[in-house]
Amino acid sequence: MPIETIRGEPFNIRFDGPEDAPVLMLSNSLGTDLHMWDPQIPEWTKQFRVLRYDSRGHGKSTAPDRPYSLAELAGDAIGITDHFGLDKVHWCGVSMGGMVGQWLATHAPRRLHRVVLANTSARMGPPDLWNGRIRNVRANGMGPLVQSTLERWFSPGFRERDGKTVEAVSAMLTTTPPLGYAGCCAAIRDMDQREAISAIVLPVLVIVGALDPATPPAVGQQIADSIHGAELVTLDAAHLSNLEQPEAFGRAVLDFLNA
């Protein structure tokens with residue numbers, strides 16, 4: 001996969017689909033990489049030029065040892081679109097990717113068409129939780145976080161019936177750069193978009209997982225209630241709903257983008 005230099009730093013970026021199709025930009029969750037979207041690519045590329053990338057601190061992208069901010073993560077996304085001469089894109093982000101999507105829809109709406117915010121939150125406290133996670137990963141690496149994270153991300157039934165997907169995500173978590181993970185934890189810790197998102201005027205779809213303990217349905221409902229005209233879809237899934245319910249997630253996004 002090509003490594004592109006964005007604002008002086010390396011980012012792992014991939015395009016799939018017809019070059020002349022509208023661009024759909026995807027943003028991964030904390031602790032994963034661009035392969036979390038693999039199940040959706042075959043269908044989505046029938047209609048869209050899909051742009052996905054490893055977020056700062058993840059995969060093969062830059063992972064400097066310092067705290068990041070949500071504005072910086074959003075600036076990376078804008079930098080990528082600028083690099084490829086893209087004025088506007090559709091956006092779909094899960095969890096941290098949805099947090100970046102909220103920031104972009106609030107502060108850079110002219111860069112977006114339609115926005116999908118999946119399994120995400122406008123604020124994820126308390127700060128002490130994130131500070132503890134930062135200390136843990138910096139001292140002990142990613143290993144101690146993997147099992148408890150998988151238990152939050154996938155429902156028990158899914159973990160039993162689809163070990164292949166769970167193992168693939170476990171590998172993503174294990175290979176995430178610890179310092180990059182810690183940097184993104186700081187961005188999430190410091191985020192509070194609860195009031196700001198009420199200014200969003202773009203078409204927005206909020207996707208929640210009925211079984212999601214990390215960003216429960218009520219949290220997604222709060223986002224939808226804050227954004228005028230936002231739509232809400234509930235899937236029978238935990239946190240990584242695009243992996244637990246790949247077909248239903250893919251259809252919901254396509255129905256919204258084609259509305």
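The values are calculated or read from the model by the stated rules, or taken from the named source; none is laboratory data. Note that the structure is a prediction, hence the values are computed from the model and not measured. Cβ placement follows ideal geometry from the backbone for every residue including glycine, while neighbour counts extend to all protein chains displayed. Protein only, heavy atoms only, side chains kept; ligands, DNA and RNA dropped before computing areas. Shrake-Rupley method; radii C 1.70, N 1.55, O 1.52, S 1.80 Å.
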- Has the stretch 89-108 got at least one residue that is over 24 Å from GLN221 (Cα atoms), in contact with a helix residue (DSSP H, G or I) (Cβ under 8 Å, 6 or more places away or on another chain), buried (at least 20 other Cβ atoms within 10 Å of the Cβ) and at pLDDT 95 or above? yes
Scanning the stretch 1-57 for residues that are open to solvent by 10 Å² or more (accessible area, probe 1.4 Å) and touching a Phe, Trp or Tyr at 6+ places or on another chain (Cβ under 6 Å), the one nearest to LEU240 (Cα to Cα) turns out to be GLY17
- Message: Condition check: over 16 Å from THR120 (Cβ atoms), among the aliphatic types (A, V, I, L, M) and open to solvent by less than 20 Å² (accessible area, probe 1.4 Å). Does ALA186 satisfy that?
- Response: yes
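For the structure I just gave you, tell me whether ASN140 is touching a Leu at 6+ places or on another chain (Cβ under 8 Å) and either open to solvent by 10 Å² or more (accessible area, probe 1.4 Å) or closer than 21 Å to ILE13 by Cα (or both).
Details: touching a Leu at 6+ places or on another chain (Cβ under 8 Å): no; either open to solvent by 10 Å² or more (accessible area, probe 1.4 Å) or closer than 21 Å to ILE13 by Cα (or both): yes.
In short, no.
Suppose we filter LEU145, LEU86, LEU70 for residues that are among the hydrophobic types (A, V, I, L, M, F, W, C), within 14 Å of the chain's Cα centre (by Cα) and surrounded by fewer than 24 Cβ atoms within 10 Å (Cβ to Cβ); which single one remains? Write out each step before concluding.
Numbers: LEU145 fails: within 14 Å of the chain's Cα centre (by Cα); LEU86 fails: within 14 Å of the chain's Cα centre (by Cα).
Result: LEU70 is the single residue among LEU145, LEU86, LEU70 that is among the hydrophobic types (A, V, I, L, M, F, W, C), within 14 Å of the chain's Cα centre (by Cα) and surrounded by fewer than 24 Cβ atoms within 10 Å (Cβ to Cβ).
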Note on the stretch 9-33: residues in contact (Cβ under 8 Å) with a residue 60 or more places away in the chain and closer than 13 Å to VAL89 by Cα are PRO22, VAL23, LEU24, MET25, LEU26, SER27
Filtering the stretch 195-209 down to residues that are part of a loop (DSSP other than H, G, I, E, B), open to solvent by 30 Å² or more (accessible area, probe 1.4 Å) and in contact (Cβ under 8 Å) with a residue 60 or more places away in the chain yields VAL201, PRO203
Only unsatisfied item for ASP65, checking (1) in contact (Cβ under 8 Å) with a residue 40 or more places away in the chain; (2) over 26 Å from GLN245 (Cα atoms); (3) crowded, with 19+ Cβ neighbours inside 10 Å, is (3)
Scanning the stretch 170-183 residue by residue, the ones that are free of Cβ contacts under 8 Å to residues at least 12 places away in the same chain and buried (at least 19 other Cβ atoms within 10 Å of the Cβ) total 0
